[in-house]
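Below: one structure, written as structure tokens.
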Amino acid sequence: MRHVAFVRNLNQGQRGHATTADLLAAFADAGCRHPHAFRSNGTVVLEGDPRSALDAMDLLAARTGVAREVFVLPLDQVAAVVAEHGDAPDAARREFTLHAPVTIDLDERTRQQAARRRCRILQTGHGWAVTVNERDRESHATPVVERLTGAPASSRGLPTLVGLVDRFG
């Protein structure tokens with residue numbers, strides 16, 4: 001079964017960040033089969049036990065000196081989100097955010113928190129949320145979700161996920 005690992009705050013190859021070679025080596029050394037980096041934002045498609053992604057982060061930290069969080073979902077679940085949101089007229093402004101394994105309630109407090117950051121939360125699941133930003137080329141999901149959950153989060157634009165599913169799905 002294929003999974004997608006979303007490494008938080010990793011811009012491969014930029015100063016102070018791991019290279020793609022370091023990232024893929026860490027996943028391979030952790031026992032992930034056939035790890036493939038997608039783009040340069042810390043998104044990795046892998047086969048094998050998804051828990052090995054946590055080991056990969058330990059190995060990456062040992063290799064580069066930088067600790068990172070990782071969130072993992074089955075590729076099928078990512079594909080289901082893309083199927084539901086990918087054709088929306090505002091898909092270019094939508095973000096998919098991975099976070100602690102809780103479900104965010106879509107209550108008034110949540111709506112107000114998102115509105116303060118110029119976005120709306122459209123859908124939530126266990127450990128993920130889909131948001132839409134008010135304006136093009138803005139990205140507000142991560143800080144909103146981190147504030148709501150009190151824990152780290154990592155976001156990818158929906159167009160990135162559409163490309164990922166086209167390539168690996």
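Values in this text are rule-based calculations from the coordinates and carry no lab data. Because the structure is a prediction, the values reported are computed rather than measured. All Cβ positions, glycine included, derive from the backbone under ideal geometry; neighbour counts span all protein chains shown.
Normalised by the number of residues in the stretch 75-168, the mean separation of alpha-carbon contacts (under 8 Å, six or more apart) gives a relative contact order of 38 percent. Could you state the angle between the C-alpha long axis of helix 52-64 and the longest principal axis of the C-alpha atoms of the chain, as a value from 0 to 90 degrees rounded to the nearest 10? In the chain, helix 52-64 runs at an angle near 70 degrees to the longest axis.
Contact order normalised by length for the chain, with contacts defined as Cα pairs under 8 Å and 6 or more residues apart; what percent is it? Value for the chain: 22 percent.
In percent, rounded to a whole number, the relative contact order of the stretch 2-68 is 39, using alpha-carbon pairs under 8 Å and six or more apart.
Within the stretch 138-159, find all residues whose amide N lies under 19 Å from a label point positioned 7 Å from the Cα of Glu108 along Cα-to-beta-carbon. From the stretch 138-159, the list is 148. With helices as the sole contributors, the chain gives -11000 deg cm²/dmol at 222 nm; each DSSP H run of n ≥ 4 counts as -39500 (n - 2.57), and the sum is divided by every residue. Checking (i) 10, 39, 39, 12, 0; (ii) 12, 40, 31, 14, 2, 0; (iii) 11, 39, 36, 14, 1 against P(r) over Cα pairs in 10 Å bins from 0, in percent calculated from these atoms, the matching label is (iii).
Inter-label distance, Ser139 to Asp58: 2.9 nm, where each label sits 7 Å from its Cα along the C-beta direction.
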